[in-house]
1. Any residue that is modelled with pLDDT of 85 or more and open to solvent by less than 100 Å² (accessible area, probe 1.4 Å) - is there at least one of those in the range 55-64?
2. Just to verify a result, which residue in the range 1-26, among those that are open to solvent by less than 100 Å² (accessible area, probe 1.4 Å) and part of a helix (DSSP H, G or I), is nearest to Val38 (Cα to Cα)?
Amino acid sequence: MAKKKTKRKTLHITEADFMLANRRAARLEDIAAHGRPVAFRKVLHKSKKLYDRKRLKSPGPDSD
């Protein structure tokens, strides 16, 4: 009786995997350099005078 050959799974690194690994490595380097995670996106104060349809539709925190 001959043994059945099994297929070996080869590791395929996609471009998305490569980008994700690079981002993770860069983040870990930043944490090592600064001692804490670095925030890249800072949320600016939104003026109440600007027209905002979402804010007008949603009930505010004061309304019950």
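The values are calculated or read from the model by the stated rules, or taken from the named source; none is laboratory data. These numbers were taken from a predicted model, which means no experiment stands behind them. Ligands, DNA and RNA are stripped out before the accessible areas are found, and what is left, the full protein with its side chains, is counted by its heavy atoms. Shrake-Rupley method; radii C 1.70, N 1.55, O 1.52, S 1.80 Å.
1. Within the range 55-64, the first condition is being modelled with pLDDT of 85 or more, and the residues that meet it are none.
Within the range 55-64 (the criterion being modelled with pLDDT of 85 or more and open to solvent by less than 100 Å² (accessible area, probe 1.4 Å)), the answer is no, since none of the residues qualifies.
2. By that ranking, first place goes to Ala26.
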